[in-house]
Amino acid sequence: MIPRFSEEEAVALQALPRPHTQAMKHLTDEERRAIQNRIAALDAALGGASEASVAKLHRLSRKTVRRMLELVDQEAPDGTLYGFRVCMPHARLVNPKPRSSDGPLLGRAHDMVRLIEKVPEIGVLLGRFKGQVPTRTQSSPSFNRLCADIKRVLTKLSMENGYPFDTRDKGRRAFINYIVRMRNQRAAEAMATGPTWTVTQWELLTYIRPFDEAQCDGHWIDTAGLQVAVPVPDGTYVLAPISGLWLIAQIDVGSRACEAWQVIADSGYDQFDLTRTFAHGLTPWIGRDVEGLEMRYLPNAWMPSLVDGPVPRTLRTSMDNYSGHLAKHSMRVLREDLKGVYRFGVAGIPESRGVIEAFFKLMETKVLRFLAGGFEPETKDRLVQKVSNKRASDHPIFLELLETYLDVAISTYNITPHTRLNNRSPREVIEHYLAHGGMPLRSTRTTEDVRNMRRTRHVFTIRGNKGKSVLPHVNLELGKYRSDELNVRWDLVGTKFYGTMRDDDARYLDVLNDAGIPFVTLEVLPPYARTAHTIAERKRAEQWKRANPGCWEGMDDHIEAYHADVRRVARSLKWAADEVASGNVPHPKAGPAGTQAPRTSTAASYAAQTLTGLKPRGGPVRLRR
């Protein structure tokens, strides 16, 4: 028997793409087995087996085997070889072009193909059209523009009065049918062959070492019905619902180690929560006190910030374009303090940050969903699955205990073998990298950078009026700032300065000179001078005071008054319950006889004590003019 193909031709044909049956979701298992059987038969025939033996072995007709061998090396309409597409049952493997291109175009079979052969520019326009074709209930402006472009082309050739514009619908149905037919044909061809693998991911282009890239994101914890215990004046507690919990984490891609994390009790997180997470990752880790608790750290519990020497720093930080990530303060921290390169992806596409999404999924399945009220969300295939057998109403949230619990869990995760690391732990990967000469980015200014991450930048002007005896001061974020050093500097009135302020204590404002060095510290005046607070907390206190006129009349500490009101309304307002749960509103200390003593800061500012023990000389004393 003379072979139909030479050895080189047979090898080339066997290397052609084969139908990707797993991607053909519309096929049954029996149809997939039939296609695989034909593929094996054609492969054996190309390997030199006879038609009779192949037909007998694979239980096919000899005509079917002969037909596949005749068409396997023929050219398809798309210019490629048919190849293993001949193994698809009921496939039409004939040339769709008309046998004759002569004669007028009368709107009959193959006339659209003949028109495209005469005017190839129309085929280009139809093939380039990616919009939606119109239906009976929905129009398509892009399709209308396509018809106008085609008519413009035919008008230049003096063919505007012929086919297809001589039909009742001016060729719209013919164009729609051709577009739909071509799209179906391309889809069938794409499904008939396996996917073409291309290197498009960063980790496939290069080998990522530890501390080369870190991914940072926030994750909404799958829990329902969470509540917080709110203290009441009689010394007991009542339960109030909160919005939910967020877990913010920073994961090293090369080692899968969790560098930093933070849990937030709120409906969302902001730029300051993000920058605090960055600062935690550059601060040496210290385990929490678990004495008296049913929690224990493992003897080798570990975080990446515990390596010898200065804390390693990441070269590139990847995040999504969440509003808190793009805010002014977080962008300044990324540029000036965190250093390195930062990259923003699109929110809602976890594939672009697969490492941290895998970490969140692992934490959910192993830890978080076992909290009271934990559940597995609904998917297309199943309804919501309850995981935790504890009711959230019976186990309220105490954030300090939850943070200790997560700290134990995450420090254990960093020493647990990981399947993507060849069953090595993140700690082993980092220590092996450093022991074999790895040189991550380190800096002697890390401590200073961490301090700057926790400070906000402000621009302000010194105000005052010597003629009206208004001392020099600064009005900033609903507070008035003064100091003894500034009281005599009338020459600075009207001058613009830059200043910084801690993100967790807005009582002190450092004024910077031209070299960016603090030269004077201003302190806020009462009623915000006693208790440490943030700018956001001061703004909420002002809003609450304006919404309730006269509620704090005569009180010298509006932050304490605000905290008391928040605790009072937390049972009915969810945002107030979030403030109590997050620790922004501290629990008051119990006073004698079951009462509650007002909470005072251990570091009250000097401005709150300037008039202590002094009597007014005449008339009321006004500190806010």
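The values are calculated or read from the model by the stated rules, or taken from the named source; none is laboratory data. Remember, it's a predicted structure, so these values are computed and weren't measured experimentally. A quick note on method: Cβ atoms are made from the backbone with ideal geometry, for glycine too, and the neighbour counts reach across all protein chains shown. Keep in mind that these areas ignore ligands, DNA and RNA; they rest on the heavy atoms of the full protein, side chains included. Shrake-Rupley method; radii C 1.70, N 1.55, O 1.52, S 1.80 Å.
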Original post:
Would it be correct to say that residue 276 is within 31 Å of the chain's Cα centre (by Cα), in a helix (DSSP H, G or I) and among the basic types (Lys, Arg)?
Top reply: yes
**OP:** Run residue 342 past the list (1) at pLDDT 90 or above; (2) surrounded by 12 or more Cβ atoms within 10 Å (Cβ to Cβ); (3) farther than 25 Å from residue 579 by Cα and report the number of the one that doesn't hold.
**Re:** (1)
Subject >> Which listed residue is small (Gly, Ala, Ser) and within 27 Å of the chain's Cα centre (by Cα), from 443, 469, 425 >> reply: 425
Subject >> Per-region count, the range 498-534, residues closer than 14 Å to residue 459 by Cα, open to solvent by less than 10 Å² (accessible area, probe 1.4 Å) and not hydrophobic (A, V, I, L, M, F, W, C) >> reply: 1
**OP:** State which residue is nearest to residue 403 (Cα to Cα) when the search covers only the range 282-323 and only residues that are of a type in the set (Gly, Ala, Ser) and in contact (Cβ under 8 Å) with a residue 40 or more places away in the chain.
**Re:** 287
Original post:
If you take the residues of the range 345-381 that are open to solvent by 80 Å² or more (accessible area, probe 1.4 Å) and not hydrophobic (A, V, I, L, M, F, W, C), which of them is farthest from residue 445 (Cα to Cα)?
Top reply: 381
**OP:** Would you mind stating whether residue 448 is open to solvent by 40 Å² or more (accessible area, probe 1.4 Å) and within 30 Å of residue 275 (Cα to Cα)?
**Re:** yes
Subject >> Test: residue 259 is crowded, with 21+ Cβ neighbours inside 10 Å, modelled with pLDDT of 95 or more and under 22 Å from residue 347 (Cβ atoms) >> reply: yes
Original post:
Condition test on residue 38, is it assigned to a helix (DSSP H, G or I), surrounded by 15 or more Cβ atoms within 10 Å (Cβ to Cβ) and either modelled with pLDDT of 90 or more or under 49 Å from the mean Cα position of the chain (by Cα) (or both)?
Top reply: yes
Original post:
Of the residues in the range 232-254, how many are open to solvent by 10 Å² or more (accessible area, probe 1.4 Å) and charged (D, E, K, R)?
Top reply: 1
**OP:** Please state which one of 131, 171 is on the phi > 0 side of the Ramachandran plot, at pLDDT below 90 and open to solvent by less than 60 Å² (accessible area, probe 1.4 Å).
**Re:** 171
Original post:
(1) over 43 Å from the mean Cα position of the chain (by Cα); (2) open to solvent by 30 Å² or more (accessible area, probe 1.4 Å); (3) within 19 Å of residue 185 (Cα to Cα): which one isn't true of residue 166, the others all being true?
Top reply: (3)
Subject >> Breaking point among (1) within 27 Å of residue 282 (Cβ to Cβ); (2) free of Cβ contacts under 8 Å to residues at least 40 places away in the same chain; (3) touching a helix residue (DSSP H, G or I) at 6+ places or on another chain (Cβ under 8 Å), for residue 449 >> reply: (2)
Original post:
Could we say that residue 330 is open to solvent by less than 20 Å² (accessible area, probe 1.4 Å) and either without any contact (Cβ under 8 Å) to a residue 60 or more places away in the chain or assigned to a loop (DSSP other than H, G, I, E, B) (or both) here?
Top reply: yes
**OP:** Those residues that are assigned to a loop (DSSP other than H, G, I, E, B), closer than 19 Å to residue 265 by Cα and in contact with a strand residue (DSSP E or B) (Cβ under 9 Å, 6 or more places away or on another chain), I need them from the range 378-424; list them, please.
**Re:** 395, 396, 398
Subject >> Tally of residues being out of contact with any Gly (no Cβ under 9 Å at 6 or more places or on another chain) and at pLDDT 95 or above across the range 506-520 >> reply: 1
Original post:
Of all residues in the range 545-575, how many are of a type in the set (A, V, I, L, M, F, W, C), farther than 23 Å from residue 523 by Cα and open to solvent by 20 Å² or more (accessible area, probe 1.4 Å)?
Top reply: 5
**OP:** Within the range 274-327, track down each residue that is open to solvent by 20 Å² or more (accessible area, probe 1.4 Å) and within 18 Å of residue 219 (Cβ to Cβ).
**Re:** 276, 280, 321, 322, 323
